[in-house]
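The values are calculated or read from the model by the stated rules, or taken from the named source; none is laboratory data. Everything numeric in this text was worked out from a predicted model, so none of it was measured. Counting neighbours? That spans all protein chains shown, and the Cβs are built from the backbone with ideal geometry, glycine included. Side chains included, ligands, DNA and RNA excluded: accessible areas come from the protein's heavy atoms. Shrake-Rupley method; radii C 1.70, N 1.55, O 1.52, S 1.80 Å.
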Amino acid sequence: MALAASGCAKSEDDVSDSNKSSSAAEAGQKVVTPKPGSKSCTIEAYGGKKLDLKKGATVGFSQSEKEANPFRIAETKSLKDEASRRGVKLLTANAQSQFSKQISDVQDLLAKGVDLLVIAPLNSDGWDPALKAVAAKKVPVITIDRKINATACKDYVSFIASDFVEQGRRAADQMIKATGGKGEVAILLGSAGNNVTTERTKGFKEAIAKKAPGLKVVFQQTGDFTREKGQQVTEQLIQSKPGIKGIYAENDEMGLGAVAALKGAGKKAGDIKIVTVDGTRSAVQGVVDGWISGVIESNPRFGPLAFQTLDTFTKGEKVPQDIIIQDSAYTPDNAQQDIGKAY
Ligand code: GZL
């Protein structure tokens, strides 16, 4: 099938750009492309029955983390807004950052008879019990954001996410620019057990090693993607590494925790360069105020694209197994004018 102008490697199984959603673009979601070389999935290959989303289908959404983090708030809002725009019934569940609850949430949604599922996974592994229940009912599943270690077009239909390794590389570029490429830096790691933490770390370290060998990562510790833990770890960091020049926080919440720690220690804005990932309003304000040197966006507005993918699939058309969304970035040059795009 014809490929989107995405530079994807062509294969007989490549998919069309039917998945580009005008509503996704309208909703502030950057233009999307099938991941280079992505295979497709069809309802014949996956199983299940054709549906018309508009004719009484019910979609279940399993959210992973408590909605204290603006990323999660914006993600859930995006699903809810698109469901109501399309007039589709949406049942939601929130695992409150407890993986065992997410598994039972998915099982409960299936027991309630949802026809389709969107899952924002907390962890990458441990999904078998939920996937068994999905397989028994042949319910199409779209996973968004974090990847589950399972088989595309068998255990789930499509995976829609940012390129997290690229986010790490772009964070490194901003850190190199902010620090001049020399000195000691620390990483506030995301929570363990998911591909986002692994890939954001991989991208950052590879880029630093390649482009600025004078920048040394001398400290890394998880802040569990939370503001409180990010503050606690940064308080320890500035005691143990008083010469630290930069902090790479793998999400904004930890980055804002780091800002609170630096303020508490009497530091001034810019004394230590902070680069974070997400694109929340508070972090972009931190760029405007000089406390944060740069923010790489991780776009949480999956709603339009998730529903577009489900709609295309249930009509019997091919969808990509892997879909990459594009992310923007905030710097001291654009933060003031672009803060309205933050979430
Ligand atoms: C990344 C997502 C991460 C966010 C964090 O897309 O999984 O989880 O960056 C959130 O804010 O905790």
Would you point out which residue out of Ser282, Ser298 is within 16 Å of the ligand (Cβ to nearest atom) and open to solvent by 30 Å² or more (accessible area, probe 1.4 Å)? Ser282
Meets criteria (among the β-branched types (Val, Ile, Thr), open to solvent by less than 30 Å² (accessible area, probe 1.4 Å), under 30 Å from Pro34 (Cβ atoms) and touching a Cys at 6+ places or on another chain (Cβ under 6 Å)) for Val165: no
Need pairs with beta-carbon distance below 6 Å; first residue open to solvent by 10 Å² or more (accessible area, probe 1.4 Å) and within region 194-216, second among the β-branched types (Val, Ile, Thr) and within 14 Å of the ligand (Cβ to nearest atom); sequence gap 6+ or separate chains. Glu199/Val165; Lys202/Val165
Residue count, region 176-218 (criterion: more than 16 Å from the ligand (Cβ to nearest atom), in a helix (DSSP H, G or I) and closer than 30 Å to Ser97 by Cα): 2
Residues that are part of a helix (DSSP H, G or I), of a type in the set (D, E, K, R) and touching a residue at least 24 places away in the same chain (Cβ under 8 Å): does region 293-301 have at least one? no
Among the residues of region 262-275, which ones are in contact (Cβ under 8 Å) with a residue 60 or more places away in the chain and either surrounded by fewer than 24 Cβ atoms within 10 Å (Cβ to Cβ) or not hydrophobic (A, V, I, L, M, F, W, C) (or both)? Lys273
If we keep only residues of region 72-123 that are crowded, with 18+ Cβ neighbours inside 10 Å and of a type in the set (Asp, Glu), then the residue nearest to Lys138 (Cα to Cα) is Asp115
Regarding region 149-171, can at least one residue be identified that is free of Cβ contacts under 8 Å to residues at least 60 places away in the same chain, under 17 Å from Thr309 (Cβ atoms) and of a type in the set (Val, Ile, Thr)? no
